[in-house]
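What follows is a single structure, written as structure tokens, with notes after it.
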Amino acid sequence: MSETAAQLNFFQETQGRKGILAWILSTDHKRIGLMYMYTIMVFFIVGVLLGLGIKMELIAPGLTVMGPQAYNSFFTVHGVIMIFVIVIPGLPAIFGNFFLPIMIGAKDVAFPKLNLFSWYLFIIGIITVLISLFTFGGPPDTGWTFYAPYSFKTTTNMFPAVLGAFILGFSSILTGLNFITTIHRMRAPGMRWMKMPLFAWSIYGTGWIQLFATPIVGITLLMIIAERFLKIGFFDPALGGDPILYQHLFWIYSHPAVYIMILPAMGVISEIIPTFARKGIFGYNAVVISTMAIAIVGYFVWAHHMFTSGMSTTAQFVFSLLTFFVAIPSAIKVFNWVATLYKGSIRLEVPLIWALGFLFLFMIGGFTGLFLGAVATDVHVHNTTFVVAHFHYIIFGGMGSAFFAALHYWLPKMYGRMYNKYWATVGWATFFIGFNVLYFPMFILGYQGMPRRYYDYLDQFHGLNIVSTLGAFIMVAGIFVIILNLIRGARHGEQATMNPWEGRSLEWTVPSPPPLENFDEIPDLTKSSAHPA
Amino acid sequence: MSEHKTHITSYTTHFMVLLALLILTWATVSITNINLGPYSVTAALLIACLKATLVLLYFMHLKFDSKILKISFSAVMVVFALVILLTFFDYLFR
Ligand SMILES: [Cu+2]
């Protein structure tokens, strides 16, 4: 589909700026979204290679490729990069930026300059984290949770890493604020709340969590500074503090952060499944309500990470109960997706394959979460590789699959070109097999008692660790096939039409790639009655 | 857009709020003389919340702002209160 000759797309419309300046000075939400994407993809590769390093060390007991100190730094930096640089900002910053304004019929976000500033904060945060790796005491070795009191005693560079996480958090708060305001103030006429695409709803719920939860990281950082430099005892028992208070504060932010990761992923799936089942989503209202319910209840379950840390029994009971509550809205969503597929005229395209993979992996992750939410079983598997397998199924199998689903769904819109579908499917299959071969053995190993975060292990765990490392290589091969195929598609793929998937939301009504301000005229939806999703 | 009309609060109101804040500060200090056990934190937090509410409503003009801002702000306070409450399920029962 060729656009009318007069209209330039947002790549061609540089507003008189040249080269890289056309990017780093642009307040266009689409360019900012792509800048996030390029940054995130580079660090994703770094994070993947660090993860591969961890699995290489674990291929045999004893010292294989690195010693204990290097191993501790590897898993810490892998965690910090993956959590704070990739999965927390990932979907909102890339696809929220690019598609939220288009989906609700707006020309840009509410505060375009603030949006660009958020990206600058993001880069400053990343640089701060990188400084911690290469200066003074060497890379941090505390694990991405920076647990007290060890994190206050270690001689490695833990302070810049926490400061980096804090700056990244600020970027996240501003992005959330921007999206909330955009949704409140900039919806096109007739785009009523209950007509909004579900991805926009999920970004809205996420925005509130970003706004409510992230400041806690800031407070915690100030307390760390007060403790280290003013010797006020918050966390260090030697100063009269309580290490468990640190764990409370850390998880008050970091558990809702899990929902910052997974809610937009659920939003992506709620867009893709109806499009390829070629019918409306089953139970739109239920999906919206469960999105907001997850955003709210997800705030009050944080201490399920602390069942074995010496917290009171009453708190264990309360938080276990609340954790089980949050499973209900997630299950409602899964039910609605499956019910949407039921009797749909399904077209099995690459984005739907990723979405189905998401369903499968997310459910394994969710069900094993119940083992961890119940106090009795958690005591047995806490701090074993079972936990590692569980959250990789949720975060990587869930959010990661949704991320690739979104890329394959929206790439034709973003670049106006289509990728090679055969290689995309091969990439997915390789990834999916590799993923399960890598992480499923870790459930068994953890159940048998193999602890996480040690570079060494007992001989009895050797067999399954070989299988797991083998899976890691298969999965990484799949990731490279996927990414290379997408890059090739974006650069040289055949021209994509305006609406290759017959989607019904507004982004499919504008040219691919969209023009600078998305719409010639703000769309008027007062007359259409159907849900756009 | 109607938010641009400014509201002018009288000196008397400002003075009364200031007086209330001073009295509450005195109450915070004097309540430490009574031993309330674990509830001394609760008492201090309650008084602090009351003071913060006064400052927000009058000095920061939340009382005269639009409804959506009031709702958003109250939501933050409710979440914050619930978080403290849940944390005390740990500290009070340890
Ligand atoms: Cu959690």
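If we keep just the residues of region A:244-268 that are within 13 Å of chain B (Cβ to nearest Cβ) and either farther than 18 Å from A:GLY169 by Cα or among the polar types (S, T, N, Q) (or both), which is nearest to the ligand (Cβ to nearest atom)? Per the stated criteria, the residue is A:GLN247. For the residues A:ALA331, A:ALA376, A:ALA389, the requirement of being assigned to a helix (DSSP H, G or I) and within 25 Å of A:ALA295 (Cβ to Cβ) singles out A:ALA331.
Is it the case, given these coordinates, that A:TYR454 is modelled with pLDDT under 95 and aromatic (Phe, Trp, Tyr)? First the steps, then the outcome.
Details: modelled with pLDDT under 95: yes; aromatic (Phe, Trp, Tyr): yes.
Yes.
Among (1) away from every other protein chain (no Cβ under 11 Å); (2) closer than 22 Å to A:VAL381 by Cα, which single condition is A:ILE332 missing? The number of the failed condition is (2).
Return the only residue of B:LEU82, B:LEU86, B:LEU19 being away from every other protein chain (no Cβ under 14 Å) and modelled with pLDDT of 85 or more. Step through it out loud before you land on a result.
Values: B:LEU82 fails: away from every other protein chain (no Cβ under 14 Å); B:LEU86 fails: away from every other protein chain (no Cβ under 14 Å).
B:LEU19 is the lone residue from the list that is away from every other protein chain (no Cβ under 14 Å) and modelled with pLDDT of 85 or more.
Taking A:ILE294 as the residue in question, decide whether it is within 14 Å of the ligand (Cβ to nearest atom), more than 12 Å from chain B (Cβ to nearest Cβ), buried (at least 16 other Cβ atoms within 10 Å of the Cβ) and aliphatic (A, V, I, L, M).
Working: within 14 Å of the ligand (Cβ to nearest atom): yes; more than 12 Å from chain B (Cβ to nearest Cβ): yes; buried (at least 16 other Cβ atoms within 10 Å of the Cβ): yes; aliphatic (A, V, I, L, M): yes.
Criteria met by A:ILE294.
Scanning region B:73-90 for residues that are among the aromatic types (Phe, Trp, Tyr) and within 18 Å of A:TYR253 (Cβ to Cβ) turns up just one, B:PHE80. Restricting attention to region A:162-182, the residues being surrounded by fewer than 24 Cβ atoms within 10 Å (Cβ to Cβ) and within 14 Å of chain B (Cβ to nearest Cβ) number 4. A:VAL288 passes every criterion in (1) of a type in the set (A, V, I, L, M, F, W, C); (2) within 14 Å of the ligand (Cβ to nearest atom); (3) out of contact with any Asp or Glu (no Cβ under 9 Å at 6 or more places or on another chain) apart from (2). Looking only at residues of region B:42-79 that are more than 15 Å from the chain's Cα centre (by Cα) and away from chain A (no Cβ under 14 Å), we find that the one that is nearest to B:THR9 (Cα to Cα) is B:PHE64.
Does A:ILE273 satisfy being within 16 Å of the ligand (Cβ to nearest atom) and under 26 Å from A:LEU411 (Cα atoms)? Answer is no for this residue.
Looking only at residues in region A:305-326 that are without any contact (Cβ under 8 Å) to a residue 60 or more places away in the chain and closer than 19 Å to A:THR384 by Cβ, the one that is farthest from the ligand (Cβ to nearest atom) is A:GLN316. The residue that is nearest to the other protein chains (Cβ to nearest Cβ), among those in region A:271-284 that are out of contact with any Gly (no Cβ under 8 Å at 6 or more places or on another chain) and at pLDDT below 95, is A:TYR284.
Exactly one residue among B:PHE93, B:PHE73, B:PHE88, B:PHE80 is in a loop (DSSP other than H, G, I, E, B), among the aromatic types (Phe, Trp, Tyr) and surrounded by 13 or more Cβ atoms within 10 Å (Cβ to Cβ), and that residue is B:PHE93.
The values are calculated or read from the model by the stated rules, or taken from the named source; none is laboratory data. What you see is a predicted model; the values in this text were computed from it and never measured. Every residue, glycine as well, gets a Cβ built from its backbone with ideal geometry; the counts of neighbours run over all protein chains shown.
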